[in-house]
Ligand code: GLN
């Protein structure tokens, strides 16, 4: 097993995660099998259980998504929650061991106990195959969160220093991501911050092999030489990550500057693997730069000020838009602004929200928790349904579509989810029986579950490539009330996907509508750059008039992603090129 450690210096927000994922992409494109570990030096033991109720669970869960989602999308792999290490998790494991008496009553200390636990964790997790194969992968990319010098990351730095010594030269490569600012009008590229940051790194016992410098423009040769001299890194190992027009360029940027050769040299893999095959990435980067015709999607959510919370949904929309050769324009619509009360209190906000909704080619209501803005989401679903606007409702988005249908079509004015109105006389969304109503933690229905399609002719089946079932990821506590199904179905709403019992609704469609689909699962998590998620693809295609063609000639390769394919290298037919590289 070989390790590539990615650290960050000077400032946060340099795109360390994207750099680390892109390094993984280039190594994978050379023929290596790659996994990843993300270290977050904060105390929470599990991002999924951070302030579970009071502070809005949605943000908490998306933190997991943010941390590992980029690796999953870029490397086309499926990681576990253990691939994310936090200070809290490490301390918890050491304290648990101490309580069990494993340390035989000895004094338990940061060094060696915490540092050992970190190393053991990394080693254990890096051995887990992530691409559906049996044997361990070849390379593990470790991203250390935070910036060198942070108090929080000290035990990790110490552990990684020991680790690099233990695995030995030829098995460990340190890439330090740094910033080269341009200060004056002449545009001089300043190396001092990087020098300081490397000095800090060395002082802590780590020696960088490669410098990845963020800068607006490519670094001048003399700047590279200076960095090489002061930081003791060969000039060939000084890479510039200059500003690019889209994210797909970053692996190409690394390849063009021969970063893979520098890494392979450090890992003693030169000559063992081939040249990186990045045709698909090259094609996608190019396509993305030339897209002009927009497709406008209104994203009707709660935390619309924080686009990071919806990062997977955004990426899934992007993957689908590129497939349809459209430039994605997302209109953020804060759902509460659509409500009548806002019209009174903040008429401008109300008008802006409705204008954005009316100007959209398609409407998406993503998942969420808590009742703020729910009415606005219901109004958005109603608008989409009545005006034949393509609509995709995910998780809560599907639940509100059911509530809307019950209210408007069945005439049940107080129809609601018991999440929002525990006393409603017409509960059309209710807690799942297996969940506990009193113990809130850990009662979610989580992870990959199977959905069986009921109707071979429906749109979602076709989009998934005419399959009988799909496995998609879940994260919910409530479900559509099984006792309301007959009523809803006789009024025209069709539940086309159900779980194995047939009592849990997974996918709904409105057959009379051009594209009105709701999914209890989260299809966004399985979307990949070259293989958009079926339901997102349907939404985008419907929003730009391509759905009929798509349904006539269903994209069979999407099926692989949604079911058995967990990121094997035998990539299915790509819309971009014949040479599949991811
Ligand atoms: N709040 C809803 C539930 O718990 C929806 C969750 C979600 O959108 N992820 O079922």
Flagged in the range 105-127 as more than 25 Å from residue 8 (Cβ to Cβ) and either surrounded by 14 or more Cβ atoms within 10 Å (Cβ to Cβ) or in contact with a strand residue (DSSP E or B) (Cβ under 9 Å, 6 or more places away or on another chain) (or both), in numbering order, are 108, 113, 127
Selection from the range 363-378 of residues assigned to a helix (DSSP H, G or I), closer than 17 Å to residue 428 by Cβ and in contact with a helix residue (DSSP H, G or I) (Cβ under 7 Å, 6 or more places away or on another chain) yields 374, 377, 378
For helices (runs of 4 or more DSSP H) lying entirely in the range 189-301, having 2 or more residues that are in contact (Cβ under 8 Å) with a residue 24 or more places away in the chain and under 30 Å from residue 364 (Cα atoms) picks out 249-256, 279-290
Taking the range 378-401 and keeping only residues that are closer than 26 Å to residue 546 by Cα and under 23 Å from the mean Cα position of the chain (by Cα), one is left with 391, 392, 393, 394, 395, 397, 398
Per the list (1) surrounded by 22 or more Cβ atoms within 10 Å (Cβ to Cβ); (2) touching a strand residue (DSSP E or B) at 6+ places or on another chain (Cβ under 8 Å); (3) farther than 28 Å from residue 154 by Cα, residue check on residue 241 breaks on (3)
Residue 360: passes all of (1) closer than 30 Å to residue 288 by Cα; (2) assigned to a helix (DSSP H, G or I); (3) more than 16 Å from the ligand (Cβ to nearest atom); (4) modelled with pLDDT of 95 or more but (2)
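Listed here are the residues, each with its yes/no results for (1) buried (at least 20 other Cβ atoms within 10 Å of the Cβ); (2) more than 16 Å from the ligand (Cβ to nearest atom); (3) not in a loop (DSSP other than H, G, I, E, B).
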residue	(1), (2), (3)
448	no, no, yes
457	no, yes, no
472	yes, no, yes
483	no, yes, yes
487	no, yes, yes
492	no, yes, no
496	yes, yes, yes
Taking the range 404-425 and keeping residues away from the ligand (no atom under 12 Å from the Cβ), in contact (Cβ under 8 Å) with a residue 24 or more places away in the chain and either in a helix (DSSP H, G or I) or in contact with a helix residue (DSSP H, G or I) (Cβ under 8 Å, 6 or more places away or on another chain) (or both) leaves 404, 405, 406, 407, 408, 410
Q. If we scan the range 427-446, do we find a residue that is under 29 Å from residue 357 (Cα atoms) and either within 23 Å of the chain's Cα centre (by Cα) or part of a loop (DSSP other than H, G, I, E, B) (or both)?
A. no
>> Just to be sure before I move on: is residue 518 surrounded by 17 or more Cβ atoms within 10 Å (Cβ to Cβ), outside any loop (DSSP other than H, G, I, E, B), within 16 Å of the ligand (Cβ to nearest atom) and under 26 Å from the mean Cα position of the chain (by Cα) in the structure I sent?
In response: yes
Residue hits (the range 379-403; more than 9 Å from the ligand (Cβ to nearest atom) and surrounded by fewer than 24 Cβ atoms within 10 Å (Cβ to Cβ)) are 379, 382, 383, 385, 386, 387, 388, 389
Flagged in the range 335-357 as within 25 Å of residue 523 (Cβ to Cβ), buried (at least 22 other Cβ atoms within 10 Å of the Cβ), away from the ligand (no atom under 16 Å from the Cβ) and within 27 Å of the chain's Cα centre (by Cα), in numbering order, are 357
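The values are calculated or read from the model by the stated rules, or taken from the named source; none is laboratory data. Source: prediction; values computed, not measured. No Cβ is skipped: glycine too gets one built from the backbone with ideal geometry, and neighbour counts run over all protein chains shown.
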